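Input: a single structure, listed below in structure tokens.
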Amino acid sequence: ANQKIVFDYKKFKSEKVKSRILSPVLLKEDRHYWYVIGVLEGNDSLTTFALDRMSNLFVTNQYFKPIKFDSDLYFKHSLGITVADENPIKIVLSFKAFQGNYIKTLPIHETQNILKDNENELRISIQVKPSYELYSKILGYGSDVKVISPPSVAKEIKQQLRTTLQNYK
């Protein structure tokens, strides 16, 4: 196929609708939402678009050269659909022992490595790129988790928790 698609797109944070021409390489589902990943006309890097924010989509008669794309490699250090244009970092998380049982059964990420496992805690490391999905995942464990390192991730979690507390004045 390798046919370009044309569609209108509206971001959640914008009122503007933009027309896009994309050479699609992957259709991907993440947390019950569907996305198309491809290369925008006039661009070299991959871009992700949520299907629910697309309208007036049609397949053109314009063909593009096949794009080499390894989705496993592309998403290797990602939690979700967001792939930041930066190197992955080692994140160390400490879980209360009870929650740790679940983390051992259903790892957070394929790079998960157990650093400590005793009656008090499960300490793991993961190698990922910081993203909204990462912070949401950590915040979802509530008081059962603590970010040990790096300081930048711990700082972001603290800030988001402070902001959350402001909702309950």
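Just a few scattered comments:
- Residues of region 61-103 satisfying the condition of being without any contact (Cβ under 8 Å) to a residue 24 or more places away in the chain and either touching a Pro at 6+ places or on another chain (Cβ under 9 Å) or open to solvent by 40 Å² or more (accessible area, probe 1.4 Å) (or both): Lys68, Asp70, Asp72, Leu73, Asn101, Tyr102
- The residues in region 75-103 that are in a helix (DSSP H, G or I) and not polar (S, T, N, Q) can be counted, and the count is 5.
- Selection from region 26-35 of residues that are surrounded by 14 or more Cβ atoms within 10 Å (Cβ to Cβ) and more than 14 Å from the chain's Cα centre (by Cα): Leu26
- Single residue of region 42-58 satisfying the filter (outside any strand (DSSP E or B) and in contact with a Phe, Trp or Tyr (Cβ under 9 Å, 6 or more places away or on another chain)) that is most open to solvent (accessible area, probe 1.4 Å): Asp52
- Counting the residues of region 104-130 that are polar (S, T, N, Q), part of a strand (DSSP E or B) and either open to solvent by 30 Å² or more (accessible area, probe 1.4 Å) or in contact (Cβ under 8 Å) with a residue 60 or more places away in the chain (or both) gives 2.
- Close pairs from region 1-17: first in contact (Cβ under 8 Å) with a residue 40 or more places away in the chain, partner surrounded by fewer than 10 Cβ atoms within 10 Å (Cβ to Cβ) and among the polar types (S, T, N, Q), Cβ under 8 Å, at least 6 apart: Gln3/Asn61; Val6/Ser19; Phe7/Ser19; Asp8/Ser19; Tyr9/Ser19
The values are calculated or read from the model by the stated rules, or taken from the named source; none is laboratory data. Note that the structure is a prediction, hence the values are computed from the model and not measured. Don't worry about glycine lacking a Cβ; one is built from the backbone with ideal geometry, like all the others, and counts go over all protein chains shown. Heavy atoms of the whole protein, side chains included, go into the accessibility calculation; ligands, DNA and RNA do not. Shrake-Rupley method; radii C 1.70, N 1.55, O 1.52, S 1.80 Å.
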